[in-house]
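Structure record follows, encoded as structure tokens.
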């Protein structure tokens, strides 16, 4: 397994400290509650995570050589998984995000408690975040499905200063 960035390593260690599945669920709810509200205008098909039983949306922006995510889910536990990933991946370079594999979830002990559909949802959310990080690194700016995607471009599609 690739070494984890410090932010993600800290989260994994937090989950490792508890063997009680109920406590792990409480931690997921805690991550869900920490999330900022997700703008309605970003709830578009480009941001919808495919293959999730819940409605899950992820947007990303590329700023100062780092990727910054926002997310939402209509399920509190899945929203907690989204929050966990956002807290663990925000501020990383696209390359750092793309080199990660989702097997760190095994170390948290969450896979024992998650239903197969939620575990699959976690994988799909993670892959969507990697896709968005890759898109941000290639195209810069936003990958959030909003009209802000072209906010810093001139009529020729070039980035303006």
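The values are calculated or read from the model by the stated rules, or taken from the named source; none is laboratory data. Keep in mind that this is a model prediction, so the values were computed, not measured. Methodologically, a virtual Cβ is constructed for each residue, glycine included, from the backbone with ideal geometry; neighbour enumeration extends over all protein chains shown.
For this structure, a couple of remarks:
- Options 101, 107; residue that is modelled with pLDDT of 65 or more, surrounded by fewer than 13 Cβ atoms within 10 Å (Cβ to Cβ) and within 30 Å of residue 23 (Cβ to Cβ): 101
- A residue that is modelled with pLDDT under 85, closer than 20 Å to residue 38 by Cα, in contact with a strand residue (DSSP E or B) (Cβ under 8 Å, 6 or more places away or on another chain) and buried (at least 16 other Cβ atoms within 10 Å of the Cβ) can be found somewhere in the range 119-141.
- Selected residue (criterion: farthest from the chain's Cα centre (by Cα)) from residues of the range 1-22 that are assigned to a helix (DSSP H, G or I) and loosely packed, with under 13 Cβ neighbours inside 10 Å: 22
- Condition broken by residue 57, with the remaining ones in (1) outside any loop (DSSP other than H, G, I, E, B); (2) over 18 Å from residue 130 (Cα atoms); (3) in contact with a helix residue (DSSP H, G or I) (Cβ under 8 Å, 6 or more places away or on another chain) satisfied: (2)
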